[in-house]
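Here is the structure we will look at, set down as structure tokens.
The values are calculated or read from the model by the stated rules, or taken from the named source; none is laboratory data. Remember, it's a predicted structure, so these values are computed and weren't measured experimentally. Every residue, glycine as well, gets a Cβ built from its backbone with ideal geometry; the counts of neighbours run over all protein chains shown.
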Amino acid sequence: MNDESDKVKIYTKLIGRYLNISKPNGVSEIEFELRPTGDESEYYMYITYIVPDGSEYLRLEKERVRYTWNSHIQKDIYNFFGLKVMITQTGIRNEEFLQ
């Protein structure tokens, strides 16, 4: 196992703990994946917000709210862990999808 994959595992665990306690109101869970960009302490982040069935956030007109959530998460990750994350893919799905 190389040094970069070890860092990704550690950061994934730390960020997962942070997201679990600071997820936005109305969000049940956050799934994410980190991938290195090639620059030190910089990662691409793919994120999915999981919300309860029938949530207002599943409506098309609420789509912009995830950009606010993303911005908040990016700032917090930088402030808490010193990592720059670029959220390149984001989505919202309900809890029952794929269960």
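Structure values in brief
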item: Positions within segment 53-73 being at pLDDT 90 or above and farther than 17 Å from Glu29 by Cα, in sequence order; result: Ser71
item: Segment 17-38, residues that are within 10 Å of the chain's Cα centre (by Cα) and of a type in the set (Val, Ile, Thr); result: Ile30
item: Index of the failed condition, Val27 passing every other in (1) β-branched (Val, Ile, Thr); (2) over 19 Å from Ile87 (Cβ atoms); (3) part of a loop (DSSP other than H, G, I, E, B); result: (2)
item: Residues that are part of a loop (DSSP other than H, G, I, E, B) and closer than 24 Å to Asp3 by Cα, drawn from segment 30-63; result: Thr37, Gly38, Asp39, Glu40, Ser41
item: Segment 50-83: number of residues that are surrounded by 12 or more Cβ atoms within 10 Å (Cβ to Cβ) and touching an Asp or Glu at 6+ places or on another chain (Cβ under 8 Å); result: 5
item: Verdict on Arg17 being of a type in the set (Lys, Arg) and either touching a Phe, Trp or Tyr at 6+ places or on another chain (Cβ under 6 Å) or outside any strand (DSSP E or B) (or both); result: yes
item: Whichever residue in segment 64-89 is in a loop (DSSP other than H, G, I, E, B) and either under 22 Å from Lys13 (Cα atoms) or in contact (Cβ under 8 Å) with a residue 24 or more places away in the chain (or both) and, among such residues, is farthest from the chain's Cα centre (by Cα); result: Gly82
